[in-house]
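First the structure, in the form of structure tokens, and then the observations on it.
Just so it is clear, none of the values below were taken in a lab; they were calculated from the coordinates. Quick caveat: nothing in here was measured; it's all calculated off a predicted structure. As a convention, Cβ positions derive from the backbone with ideal geometry for all residues, glycine included, and neighbour counts pool all protein chains shown.
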Amino acid sequence: MKRIGVLCSGGDSPGMNACVRAVVRTGLGLGLEVFGVERGYTGLVNGVVRPLVSHDVSGIINHGGTIVRTARCPEFREAEGRARAAEHCRRLGIEGLVVCGGDGSFAGGRQFWHEHGIGIAGTPGTIDNDLAGTDFTIGFDTAVNTAVEACDKIRDTADSHDRVFVVEVMGRASGSIALQVAVAAGAEVVLLPERPQVGPEQVAALMAQARALGKTSMLVIVAEGAGTGQGVAHAIELATSGLSVRASVLGYIQRGGSPTSNDRVLATMTGAGAVHALVDLGPACCHHIGVVTGAVTRTPLDDVVGRPKPLPADLLELVDVSSGLRLPSLA
Ligand code: ADP
Ligand code: F6P
């Protein structure tokens, strides 16, 4: 393999730049030419690429976002769009691609590989931590730290006003961020798409227990896939007949900002690992490059795409244990 491309796809995540940097520097070190594909699969479909050299990726390891931009590309979902992308790859001599993105981006990469035989090495670029084949995803740690810092501040107001606060964090299909934030922020309860049986009614029931323990305020973390902050706050107000409940939606602050050292290291390990996988496996490469218990791993995309990543049951248990409250449905 002589030429490879690197692209970021789907929602941005802090650490994507560190990944692009590792791909470029590792690729150049192995004697490859590396092309940056602009705006995810959109750049591939339209042939918008540029060669990246070492100084192009200087000083970006600490920056959020991505210098090659990211996008969602409806055309790539169609065979015709992927055929155009393959034509550009052939014209440019690009034989392998590093795709930094989430499950959808991996689904697209796998389809492209099946149809056109371009090597695909996926790196886990999503804050959601919902990909099989890696312990953590690039950006998850940063997003969680951002959310925990916000929760600590909200807790001050909750305590001062004897209020219940509902904090909505990202995660449309996965409660991974919500669960980690709940444990780290010492939240009393967490609402998750994976556990729909725990909702506002259970939170209301917990209030009685909380009062008995002398608690006059509560922090409820809700993953966006389990309900909106406002909706959950309103439902708790109704179920507790008039308790003072406020909602805070953290939103996109979770997607940006300087990546934590954990995310920079994960991005660097997987970015470098992706280039090595393309070089070692050539056009046969259709793998997710993750990190499992500290080691870089290669998992076939067939075993990753569409596979749910279960939440760690012990963390879920810890939210209840550390709050001292017991959810009625689990008692
Ligand atoms: P993420 O990678 O974060 O899960 P998306 O689900 O939005 O983000 O997917 C990113 C892009 O990947 C889509 O805009 C599309 O271009 C491509 N993609 C997603 N699913 C498929 C698919 N089944 N086939 C082809 N391309 C896909
Ligand atoms: O995939 C990351 C994520 O932040 C999800 O948690 C969220 O549901 C989604 O992206 C929102 O993305 P956008 O608003 O950019 O479509």
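When you restrict to C-alpha pairs under 8 Å that are six or more residues apart and normalise by the size of the stretch 66-191, the relative contact order lands at 16 percent. Computed from Cα atoms, the angle from the helix 16-29 axis to the main principal axis of the chain rounds to 30 degrees.
In terms of its C-alpha gyration tensor, the stretch 1-103 has an oblate overall shape, because the principal axis ratio a/c (a ≥ b ≥ c, square roots of the eigenvalues) is not below 1.5 and a/b does not outweigh b/c.
Rounded to the nearest 20, the Cβ-based charge dipole of the chain about its Cα centre (Lys and Arg +1, Asp and Glu -1) stands at 700 debye. State the answer as a single residue: which of 44, 217, 17 lies farthest towards the positive end of the charge dipole of the chain, with beta carbon charges of +1 for Lys and Arg and -1 for Asp and Glu, about the Cα centre. Comparing the listed Cα positions along the dipole, 44 ranks first.
Of interest is the spacing of the C-alpha centroids, which for the stretch 92-146 and the stretch 242-262 amounts to 24 Å. Using only Cα atoms and rounding to the nearest 10 degrees, what angle (0 to 90) does helix 140-161 make with the longest principal axis of the chain? Tilt of helix 140-161: around 20 degrees.
Which of the three applies to the stretch 43-137, rounded, prolate or oblate, going by the alpha-carbon gyration tensor with a ≥ b ≥ c and a/c under 1.5 meaning rounded? Taking the square roots of the gyration eigenvalues as a ≥ b ≥ c, the stretch 43-137 is oblate.
Over all distinct alpha-carbon pairs, what is the Kirkwood Rh of the chain in angstrom? Before the final figure, lay out each step's value.
Details: mean 1/r = 0.0485 Å⁻¹.
In the chain this quantity evaluates to 20.6 Å.
Computed over the Cα atoms of the stretch 277-316, the ratio of the radius of gyration to the Kirkwood radius (Rg/Rh) comes to 1.10.
Taking each DSSP H run with n ≥ 4 as -39500 (n - 2.57) and averaging over every residue of the chain yields -13000 deg cm²/dmol at 222 nm. Angle of helix 200-212 to the longest C-alpha principal axis of the chain, folded into 0 to 90 degrees and rounded to 10: 50°. For the stretch 203-323, the fraction of C-alpha pairs farther apart than 19 angstrom is 68 percent.
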